[in-house]
1. Taking the radius of gyration and the Kirkwood hydrodynamic radius from Cα positions alone, what is the Rg/Rh ratio for the stretch 121-176, to two decimal places?
2. Which percent of the accessible heavy-atom area of the chain goes to carbon and sulfur, probe 1.4 angstrom?
3. In whole angstrom, how long is each semi-axis of the equivalent ellipsoid of the stretch 215-260, when you take the square root of 5 times every eigenvalue of its Cα gyration tensor and sort them from largest down?
4. Using only the C-alpha atoms of the chain, find the volume of their convex hull and express it per residue in Å³.
5. Cut-off 13 Å, label point 7 angstrom out along Cα-to-Cβ of ALA31: give me the residues of the stretch 216-260 whose amide nitrogen falls inside.
6. Please report the base-10 log of the normalised intensity I(q)/I(0) for the stretch 178-241, using a Debye sum with one equal scatterer per alpha carbon and no solvent, at each q in 0.14, 0.25, 0.27, 0.28 (1/Å).
7. In square nanometres, what is one fourth of the surface area of the convex hull spanned by the alpha carbons of the stretch 127-242?
8. Taking the stretch 203-238, which trypsin sites (Lys or Arg not before Pro) meet the DSSP loop condition and have no more than 12 other C-beta atoms within 10 Å?
Amino acid sequence: MLLGLTAAGGLLTGCGQDRTTPAEARAAARAEAGSGSGTSTGKGDGTHGKGTGGDAAVDCAKAKCIALTFDAGPGPHTARLLDILKEKKVHATFFLLGENHVLKHPELVRREAAEGHEIGNHTWTHERLDQLPADRVREELGRTQDAIRQITGKAPVLMRPPQGRTNDTVHEVTRLLGLSEVLWSATASDYATTDTRLIGDRILDQAGRDGIILLHDIYDGTVPAVPRIIDELRARGYTFVTVSQLLAPAAPRPGTVYHP
């Protein structure tokens, strides 16, 4: 599988998407609340929306927030990753693949949710959604929604398009399924290297406030890089949050593309 290409490198397609940054989402929600016209303020949703240390009240307009996300699991390294995150008191967002991952490792999906991580949808088979008709896009996302709901009792509200490839058809299907699209600002291309030090260096070089880090818990070099990434970013003053917490007080809006 070719995973983790940068959205900034031209992979985001489709000219009609409603695209926004986390800061813009937060500002719009506060403006709506101030005018009395806001309909939702999205402060997380229990096991799927907590942030660092379980503190759902962190304000990313004031704190130097960053979201740690993992794609394409669960897999053989996920249990170790969950141990690390628990030890470091960090909650991450996991974008899960359905057919060979969610179905194969339901106990890990259950554990991710139980330990306060946010669960997102990364399709059923990792097909490029921008190359599929609407019915196939719905199948890729809908089957994974159903599988996660059956395991955790709750369907995701976030999805990540494989390779960051999206278009107007994908936006419309995600809107109808109640899903928001989440891209990223930092990635290590960890599908192409097992060099743990290099993976960490790449993320630390790209990290920024309101950033969304993309890693994969299915590759050998990635999970060993996570402790250093967490420790060094914390030393720089970052607070780790889930994607939904990064957007709060906005709630993820279906059909919207969130891209730092």
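1. On the way: Rg = 10.5 Å, Rh = 11.1 Å.
Taking Rg over the Kirkwood Rh, I get 0.95.
2. On the way: 4940 of 10170 Å².
That share works out to 49 percent.
3. On the way: eigenvalues 131, 54, 10 Å².
They are 26, 16, 7 Å, listed from largest to smallest.
4. On the way: hull volume 28.2 nm³, N = 260.
So the per-residue Cα hull volume is 108 Å³.
5. none
6. Values returned for q = 0.14, 0.25, 0.27, 0.28 Å⁻¹ are -0.39, -1.09, -1.21, -1.27.
7. Working: hull surface 32.7 nm².
Mean shadow area of the hull around the Cα atoms is 8.2 nm².
8. Working: sites: ARG209, ARG228, ARG234, ARG236; in loops: ARG209, ARG236.
Answer in residue order: ARG236.
The values are calculated or read from the model by the stated rules, or taken from the named source; none is laboratory data. Source: prediction; values computed, not measured. A quick note on method: Cβ atoms are made from the backbone with ideal geometry, for glycine too, and the neighbour counts reach across all protein chains shown. With ligands, DNA and RNA removed, areas are computed over all heavy atoms of the protein, side chains included. Shrake-Rupley method; radii C 1.70, N 1.55, O 1.52, S 1.80 Å.
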